[in-house]
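Everything below concerns the one structure shown next.
Please treat every number below as a calculation from the coordinates, not as lab data. Only a predicted model underlies this, so the values are computations on that prediction, with no experimental measurement involved. Backbone-built Cβ (ideal geometry, glycine too); neighbour counts: all protein chains shown.
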Amino acid sequence: MEIIRHDTDALDDIDFLKLFHTLLSKLHVIFLCGLLFGLLAYGAVYLLITPKYMASTMLYVNNASTKENATTITQSDLYASSQLVNTYSAIITSESFLGNVIADADIDIEVEDLAEQLEIESVNDTEAFKVTVMNEDPKAAARIANAIADIAPSQIPAIVDGSSVKVIDYASIPTEIAKPSYRKAALIGLMLGLFISAIVILLREIMDTTIKSESDLEEWNLPILGVVPDFAEAKKKKSYGYSYGNQNAGR
């Protein structure tokens, strides 16, 4: 209980209004630090991280075995076709399939590295699925995606009986960088700079025990024995009086 009381007293000693005014008086420093951190984060990402481009192709899964003698598409047909996406994903990322993709796209890359560049996902739980390629070369990304679109309709049905794959969209050469996001990096750096500078200013103010004015003594309930005058201000006033006196004497 004693420890809790001490912690509460310590919090009571903190003048939060004074801390708020301190932050307001240092806003220019805080914003400058945020700007500096934002520029540093942008520069670090720009110089250290190689940009990557993303190209995608969209394919359609046709579960022909369930539709051979059917005139309508049932919910079970859609579910079966969506489940086939997982099977097709395993086939597309297989070593034999990717070997054919590498030969068709005419690129120099290892199968393991190419597999890491692929992302295959179903489109809104439908019979369509999208194959996305992430590569440092935008032209290579488009060639790989289109090679997958060319090979999949012929190679996948040869493995999965009673199914077929059709191409919905071919990939185009990307013009914008997919990763990293320079804007996001700069924003994170900006927020980090604002936060760190504000914390440092608050800690310096809390830990500062220097007596700077009469009000600081009043906070500690200490008597004021004397006040040292501001000699610069006094000298300034004296010079004004001397000048005024000279003007009167001249008259």
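Laid out as a table, the results:
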{"quantity": "Ranked Phe16, Phe37, Phe195, criterion: other C-beta atoms within 10 Å, fewest first", "calculated": "Phe16, Phe195, Phe37"}
{"quantity": "Contour minus Cα-Cα distance for Asp104 and Ile206 (0.36 nm per residue)", "calculated": "30.0 nm"}
{"quantity": "Gained length - Ser96 relative to Phe16, 0.36 nm times residue gap less alpha-carbon distance", "calculated": "22.1 nm"}
{"quantity": "Per-residue HN-Hα couplings for the range 143-152 [Karplus 6.51, -1.76, 1.60; θ = phi - 60°; Hz; x = Gly/Pro]", "calculated": "5, 5, 4, 6, 5, 5, 5, 6, 7, 4"}
{"quantity": "Table column - 3J(HN,Hα) (Hz), the range 184-197, Karplus curve with 6.51, -1.76, 1.60, x for Gly and Pro", "calculated": "5, 5, 5, 5, 5, x, 4, 5, 5, x, 4, 5, 5, 5"}
